[in-house]
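As C-alpha cells, the structure follows; a few thoughts come after it.
The values are calculated or read from the model by the stated rules, or taken from the named source; none is laboratory data. From a predicted model like this one, the values you see are computed outputs, not experimental measurements. Every residue, glycine among them, receives a Cβ derived from its backbone with ideal geometry; neighbour counts consider all protein chains shown.
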Amino acid sequence: MANILQLEHVAKVYRSGNRELKVLDDINFSVEAGATLSIVGPSGSGKTTLLGLCAGLDRATSGSVELNGIRLNNLNEDQLADVRNRYVGFIFQNFQLLPTLTALENVMVPLELRGEKNIKSRAMDLLDKVGLAERGHHYPTQLSGGEQQRVSLARAFSNQPQILFADEPTGNLDAETSEKVEKLLFDLNKEAGTTLILVTHNLELAAKTQRIIRIKGGKVNG
Ligand code: ADP
C-alpha cells in the first residue's frame, strides 16, 4: 500500500520576538493509505502542532512533509488550501463551527468551496449519517457539545477526504456520545478507506487504532 503521508526530518520552531521554542525535532514517520494511527503524549508536547503540519494547516520550519506525494513545505497559502480541500478532513477539539451559520450551512461550506452541485441535499444526507437530520436549521449555540462535534464530523466527511485528522475528537464528550463519534470515525475508515489520524489523551481510543506514535520532548518514539 502506498504512503499517504510521509515526514522526513521535520522540525517546528515557534518564534516570538527573540524567543524561539523548538516544539518538534527530527520527526520521521510514514502512514500507509487506509491506516489508522493515534498520536499520544503529554500536554504541550507538540501533538496539535504535528497534526497541523501533516494536514497542511501550517508549515514545518525544516524537513519535508508529503501528503499524497505532494510536498507541502514549499506551497503558498492558496496551494495549501487547495490540497486541504481536495484531500483532507479536519476535526477540531472545540468543533470550530461557524457560529453565524446553521448546522446545515456549516456542512455546506466545504461543498460550496469545491464548487459542487446539489450541495443542500448532500449536506442533508451527511447530517442524516451523523444522526442530526432534524437539527439542520439549528445554530451551533443551540446544539449540545456532542451534536456540534457530530456536525463537525459531517463537515469533515463532506469532501470525502482521503485522510481525516481529528484533534481530541472525543475530548469534550460524555461516554455515550464519545462512543457514537468513535463509531462514525472507524466506520468511515472501514467503509471508505479513509486514513484516520487522531490526537488523543484517551488511551482506550488510541488502542483501537492500528498504530500509536508517542511524542515527548519534541521527539517521536514508537
Ligand atoms: P499539545 O497538542 O501536545 O498539547 P501543542 O502542539 O498545542 O501541544 O503545543 C506545543 C508547544 O508549542 C506548547 O508549548 C505551546 O505553548 C507551543 N505553541 C503552540 N502553538 C504555538 C504558536 N502558534 N506560537 C507559539 N507557541 C506555540
> Applying the selection to segment 1-32, what residues are more than 14 Å from Ile70 (Cα to Cα) and among the charged types (D, E, K, R)?
Replying inline: Lys12, Arg15, Arg19, Glu20, Lys22, Asp25, Asp26, Glu32
> Take the residues of segment 29-47 that are at pLDDT below 95 and surrounded by fewer than 18 Cβ atoms within 10 Å (Cβ to Cβ): which is farthest from the ligand (Cβ to nearest atom)?
Replying inline: Pro42
> If the Cβ limit is 9 Å and pairs must be 6+ apart or interchain, which residue in segment 42-55 that is of a type in the set (Gly, Ala, Ser) pairs with which residue that is more than 7 Å from the ligand (Cβ to nearest atom) and assigned to a helix (DSSP H, G or I)?
Replying inline: Ala55/Arg84
> Pick from segment 1-28 the residues that are at positive phi and part of a strand (DSSP E or B): which of them is nearest to the ligand (Cβ to nearest atom)?
Replying inline: Asp26
> Would a scan of segment 128-148 turn up a residue that is aliphatic (A, V, I, L, M), free of Cβ contacts under 8 Å to residues at least 40 places away in the same chain and over 28 Å from Leu53 (Cβ atoms)?
Replying inline: yes
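To keep it simple, each residue is scored yes or no on (1) under 18 Å from Gln210 (Cα atoms); (2) more than 17 Å from the chain's Cα centre (by Cα).
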| site | (1), (2) |
| --- | --- |
| Ala2 | yes, yes |
| Gln6 | yes, no |
| Val10 | no, yes |
| Arg19 | no, yes |
| Ile27 | no, yes |
| Gly34 | yes, no |
| Val40 | yes, no |
| Gly46 | no, no |
> When only residues in segment 111-159 that are β-branched (Val, Ile, Thr) and surrounded by 15 or more Cβ atoms within 10 Å (Cβ to Cβ) count, which is farthest from Thr100 (Cα to Cα)?
Replying inline: Val130
> Hey, among the residues in segment 50-65 that are more than 14 Å from the ligand (Cβ to nearest atom) and buried (at least 17 other Cβ atoms within 10 Å of the Cβ), which one's nearest to the chain's Cα centre (by Cα)?
Replying inline: Gly56
> For Asn18, all conditions in the list (1) farther than 23 Å from Leu185 by Cα; (2) at pLDDT 95 or above hold save one; what is the number of the exception?
Replying inline: (2)
>> Looking at (1) farther than 23 Å from Leu67 by Cβ; (2) within 16 Å of the ligand (Cβ to nearest atom); (3) surrounded by 15 or more Cβ atoms within 10 Å (Cβ to Cβ); (4) of a type outside the set (Val, Ile, Thr), which one does Leu198 not meet, given that it meets all the others?
In response: (1)
